[in-house]
Amino acid sequence: MDVLLLGLDPNVEGLLRKHTESSSTQKVHFHSSPAENGADFTTRQWDMIVLDRSIRSNVHLADAVKTNSLGGLKIVLTEKENLDSAIEFWGPAIYSYIFKPVNWMLFQVIWQQALERIRLNSKLFRLEKQHEKKHEMQQKKRRAHAPQQEEILKDLFVTHLKMQELDQEKTDFLARTSHELRTPLTALQGYLELLAHSKAGAVNELQAHLLGRSLDTCRRLQGLSNSLMDLSTLNSNRTHLQLGKENIQECLAQVVAELSQAIEEKNLELRFDNAAEIPKFRFDADQMHQVFINLLDNAIKFTPAGGGIQIRSLPYFWERRTVRELVFAQQDRRIAVSPADFNSVRISVEDTGRGIPPECLQDIFQEYSRVVNGNGSPKGFGLGLAVARKIVMAHEGKVWAENRQGQGSAFTVLIPISL
Ligand code: ADP
């Protein structure tokens, strides 16, 4: 450790060396200088500097101490009555003041504290250096890996695009094929209906039953063909919404009317709550019709005979939130308000059916996604919800599924009214 003694009386210097050398745990190298020569020492750094106030007369040296260009922990020896003027003169650069004549016991205490402070400072300095080095190495590594990562990202992006393209090609191919099948299917359905209604001669009970089953299959194939064609159109961004000021509740009523026979056949209790008045707003009535056909059709399909279905429409205030806000939301802030300040409509289709396994609630909106449960392979093609979601999203809305408390599932659609 290097200690500079500046302008000290030779007697004081001798005592200082005597009292500190014995109590210091590390080797101390003293360098001393009278006040008038001290400027020679300003070019190097010191661990500690003990100085007499008399060096004030050496302007260059005094400045170096005050501005800390002469680095090191500084202890000033001063007379008690000069303490105020010393503090004012030296400012914040001084670690401690010791009164003259020096109380050497007190000096030793301050000396020890100063040594501890020096030790901690150098440890801190070392740690900072280590940290800087580590940081620098990390930066270097990152810079070295950056091109690789960029390459991987590019590859991933290209693969993603290729997969999207392939997906689109697959859907387009299926859509073209189904289009080709449409005419023969319609003809087939016509002939089957003629036969089923005994227009081509009487049919016995077994034949009527088989004809009924054939007609069902024919209708399912037609449904598939329609879904594939819808999907192909929606995927290829050829969706030009035919927006017009329409009545959503009328649209829902039509859907219910269209599927009422299937509801009756399964003896389902339908509750249709259209009480809250929703003024007309702009949407594509045909497409939206398709959304609710798909949702209600599923509710009928997945609810056992004798169960219930509820359809509800409400004016709604939709507070769009960022993902972060959604994750950290304390409570659900979506609130239904008076019709005067609603910005969207909320339509829900709930049933008392088998519900959806929680882990599938998101996936069921993907194309060709179906829930596999214990009863063998699922019926259907997994397209209805994908089509519904694409249409809702084209309207800048959203659709999601939940399980109802108790039993069954609930599908909710939010559509903004400001398109
Ligand atoms: P699909 O036309 O084959 O029914 P969807 O896309 O309409 O296909 O539905 C995907 C899957 O989501 C279905 O196979 C079914 O497992 C599940 N699902 C949809 N609606 C309901 C519902 N109301 N209750 C239970 N499961 C449902």
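We did not get these values from a lab; they are worked out from the coordinates using the rules stated. Remember, it's a predicted structure, so these values are computed and weren't measured experimentally. As a convention, Cβ positions derive from the backbone with ideal geometry for all residues, glycine included, and neighbour counts pool all protein chains shown.
Observations on the model:
- For the chain, the 222 nm mean residue ellipticity estimated from helices alone, with every DSSP H stretch of n ≥ 4 adding -39500 (n - 2.57) and the total spread over all residues, rounds to -16500 deg cm²/dmol.
- Amide H within-cut-off set for L268, under 5 Å, with H built and near neighbours excluded: G306
- Listing F381, F272, F411 from fewest to most neighbouring C-beta atoms within 10 Å gives F272, F381, F411.
- Computed lengthening from L83 to A187, 0.36 nm per intervening residue step minus Cα-Cα distance: 26.2 nm
- Placing a pseudo-label 7 Å from each Cα along the Cα-to-Cβ vector at S198 and E265 gives an inter-label distance of 2.1 nm.
- Counting other Cβ atoms within 10 Å as a rough exposure proxy, the listed residues M48, M229 run M229, M48 from fewest neighbours to most.
- C-alpha center-to-center spacing [segment 44-80, segment 151-165] in angstrom: 67
- Near the amide H of E246, within less than 5 Å, lie the amide hydrogens of F281, R282, F283, all on another chain or at least 5 residues away, with H placed in the peptide plane.
- Over segment 2-102, volume per residue of the alpha carbon convex hull, in Å³: 91
- Derived scalar couplings ³J(HN,Hα) [segment 412-419; Karplus, 6.51 cos²θ - 1.76 cosθ + 1.60; whole Hz; x for Gly, Pro]: 10, 10, 10, 10, x, 9, 9, 5
- P(r) weight above 23 Å for segment 241-416, C-alpha pairs, percent: 42
- For K27 and M105, the FRET efficiency from 1/(1 + (r/R0)^6), where r spans their Cβ atoms and R0 equals 22 Å, is about 0.45.
- Note, ³J(HN,Hα) from phi for segment 192-201, Karplus 6.51, -1.76, 1.60, rounded to Hz, x at Gly and Pro: 5, 5, 4, 5, 5, 8, 6, 7, 10, x
- Three principal axis extents of the chain based on alpha-carbon atoms, in descending order, are 138, 50, 42 Å.
- Taking other C-beta atoms within 10 angstrom as a stand-in for reagent exposure, M105, M1 fall in the order M105, M1, fewest first.
- Vicinal HN-Hα couplings computed from phi for segment 56-62 (Karplus, 6.51 cos²θ - 1.76 cosθ + 1.60; Hz; Gly/Pro x): 4, 5, 8, 4, 4, 5, 4
- Within the chain, antiparallel bridges make up roughly 50 percent of the DSSP beta bridges whose residues both belong there.
- Between the amide H of D2 and those of H29, D47, M48, distances stay under 5 Å, these residues lying 5 or more places away or on another chain, with hydrogens modeled in the peptide plane.
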